[in-house]
Amino acid sequence: MQTVYLSQQANLNDALLNIKNFLHKAIINESLSIMQPISLLDDKDYYTCKTSLLRFFYQNKDNSFRCLGIGEAHSINKNSYAEALDSLIFYKDFLSNHQIYFGGMRFDENSNVSLEWKDFLTARFVLPLVMLAKINNTYFLQINYAFFGNYNKPTWLDTVYSILDLFSTINSNDNFSIIHEYPTNKNYYNLIVQKALKSFNEKNQKVVLGRKTSFVINDNINSLWFIQKLMSLNENLYIFLFDLGNNHYFLGHSPELLFSKKQNHITSEALAGTITCLTKDEKEILQLFSHKEHCEHKYVKNWIKDVLTSLNAQVIQSSIEVKKSFNVYHLQQKFAAYVANINEKDLLLKLHPTPAVCGFTKEYAQLFIAENENFDRGYYTGAMGIVSKQYSEFCVAIRCGLVVDNILHLYAACGIVQDSCIESEWLELNAKQQALLRLFYS
């Protein structure tokens, strides 16, 4: 992949003009990445008009990486984890510096797919046509042409011009409100929790059970309205958006890392066990977690450590800490390992889904969820992230929602173990749901 660097640093508006002037004169004969440095980007710059083109957004926990991608220079769309990841590993070698694939995978590739999740397929990864990005303190606008993309040059050029025209320097001040709620059947949720508790034995001891609650919004929402709201919170959580266009998108605000990979260095974390409390002192909060929460966390911690150890890695683990996610607190434990000859496919297939979102044993929990949850999780509790030639990172897709036209579906789940209290689990679901719901009241 050839990279052309436009040397003149500019603000966003001038950068858009520079790119258009370059494209007007450029002769493109091979795969190309055009890099236009930006002097500075504000949060409002990551906002565009609505479009039928695919858009994605990804921001890591510490906000050292942030990107907005629009359009598809190349896409990998499969109904199989393995097929999608094989293609991803193959095409990753064609990438130049700072090019990324963004995408994700469903929670369960074998479960029945509902209509609202059908177009997301089992796994999708996209190299954007246009990307606006921040890496540490470097800002740039990137245009990508891939010889293996499914388009011709005139079509590609017209689409790029149309994308550049989408950017707006005016932030969205639209006000949206919830006008109706379709609540989840609490009695049904209680019944499946009771069923799970009765199903436990020495081997099968945890299952994560979720619910979907749907809301009617007063109008169709530009997906970047949500992103602007989430960025403004500065909560050190992952922010992601996968927008298929035409008011159909998946987004979230996750506290949980699945893994990051930089060459042979792998990091992961166990995040499980949830409480709500008013105190802000971490030592005091840690004492409030009961045996039940520590039991939930133990299954995740042991699973991740065992997976990394099975890769012939020397694993380093932190002590247990507290991680805040808006109005709830979780037990968190971090892992680091050096693993030779490992790729994203190996890590995703081995780590996903963890007991934090599935249960233990994995086979038992997935079957119980498939037979008893009365909705399709889709990408909820799946994996969402980015892959470049040198670095990759995936978060666990929780605290999230799916928008179809003016309907917002919110998802939440709780880990059920032997000591679970049914009413407490229901209240925990309510608290987790607020992560996105609060945006309508702020």
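The values are calculated or read from the model by the stated rules, or taken from the named source; none is laboratory data. Quick caveat: nothing in here was measured; it's all calculated off a predicted structure. Positions of Cβ are backbone-derived with ideal geometry, glycine not excepted, and every protein chain shown enters the neighbour counts. Each accessible area value is taken on the protein alone, full model and side chains, heavy atoms only, with ligands, DNA and RNA left out. Shrake-Rupley method; radii C 1.70, N 1.55, O 1.52, S 1.80 Å.
For the chain, the alpha-carbon coordinates run over 69, 54, 43 Å along the three principal axes, in decreasing order.
Residues of the chain were split at every exposed loop site, defined as chymotrypsin sites (Phe, Trp or Tyr not before Pro) in a DSSP loop with at most 13 other C-beta atoms within 10 angstrom, and the longest piece left, sites excluded, is 149-442. A full extension of the chain between residue 232 and residue 5 corresponds to an added length of 78.6 nm, given 0.36 nm per residue minus the alpha carbon distance. Residue by residue, the stretch 132-139 carries 3J(HN,Hα) couplings of 10, 9, 10, 10, 6, 10, 10, 10 Hz when phi is fed to the Karplus relation 6.51 cos²θ - 1.76 cosθ + 1.60 (θ = phi - 60°); x denotes Gly or Pro. Using modelled amide H (1.01 Å from N, peptide plane; none on Pro or chain starts), what sits under 5 Å from the amide H of residue 412, excluding residues fewer than 5 places away? For residue 412, the qualifying residues are 211. Along the positive direction of the dipole of the chain (beta-carbon charges: Lys, Arg +1; Asp, Glu -1; about the Cα centre), which of 112, 257, 163 reaches farthest? Positive-most Cα among the choices belongs to 257.
The percentage of C-alpha pairs in the stretch 18-162 whose separation is greater than 20 Å is 53%.
Helical content alone sets the calculated 222 nm signal of the chain at -8500 deg cm²/dmol, taking -39,500 (n - 2.57) per DSSP H segment of four or more residues and averaging over every residue. Taking amide H as placed 1.01 Å from N in the peptide plane, the amide H of residue 65 sits under 5 Å from that of 60, 136, each at least 5 places away or on another chain. When the chain is described by a simple charge dipole with +1 on each Lys and Arg Cβ and -1 on each Asp and Glu Cβ, the residue from 287, 121, 87 located farthest towards its positive end is 287.
Annotation: amide H of residue 354 has no partner in the under-5 Å range at sequence separation 5 or more or interchain, hydrogens built in the peptide plane. Centre-to-centre separation between the Cα atoms of the stretch 369-416 and those of the stretch 76-101: 20 Å. Expressed as a whole percent, the accessible area of the stretch 329-442 that falls on carbon and sulfur atoms is 51 (1.4 Å probe). Computed over protein heavy atoms with a 1.4 Å probe, the carbon and sulfur contribution to the accessible area of the stretch 64-191 reaches 47%. Dividing the mean sequence gap of close Cα pairs (under 8 Å, 6+ apart) by how many residues the chain holds gives a relative contact order of 21 percent.
Based on Cα contacts under 8 Å between residues 6+ apart, the stretch 189-252 shows a relative contact order of 22 percent.
For residue 263 and residue 152, the difference between the fully extended length at 0.36 nm per residue and the C-alpha to C-alpha distance is 36.5 nm. Number of Lys-Lys pairs in the stretch 329-442 with C-alpha atoms under 20 Å apart and a separation of 8 or more places or on different chains: 4. Here is the link list: 206/301; 283/323; 212/292. Which ones come out longer than 19 Å on Cα distance? As for pairs spanning more than 19 Å Cα to Cα, those are 212/292.
Surface analysis of the stretch 148-243 yields an accessible area of 48 Å² per residue, using protein heavy atoms and a 1.4 Å probe. Net length available on complete extension from residue 319 to residue 182 is 45.2 nm, with 0.36 nm assigned per residue and the Cα-Cα distance removed. Distance between the modelled labels on residue 17 and residue 338, one decimal in nanometres: 5.1 nm (7 Å Cα→Cβ projection). Neighbours of residue 247, meaning other residues whose beta-carbon lies under 15 angstrom from its beta-carbon, give a summed charge of -4 when Lys and Arg score +1 and Asp and Glu score -1.
Applied to the stretch 89-97, the Karplus parametrisation 6.51 cos²θ - 1.76 cosθ + 1.60 on θ = phi - 60° returns per-residue 3J(HN,Hα) values of 5, 5, 6, 4, 5, 7, 6, 9, 4 Hz, with x for Gly and Pro.
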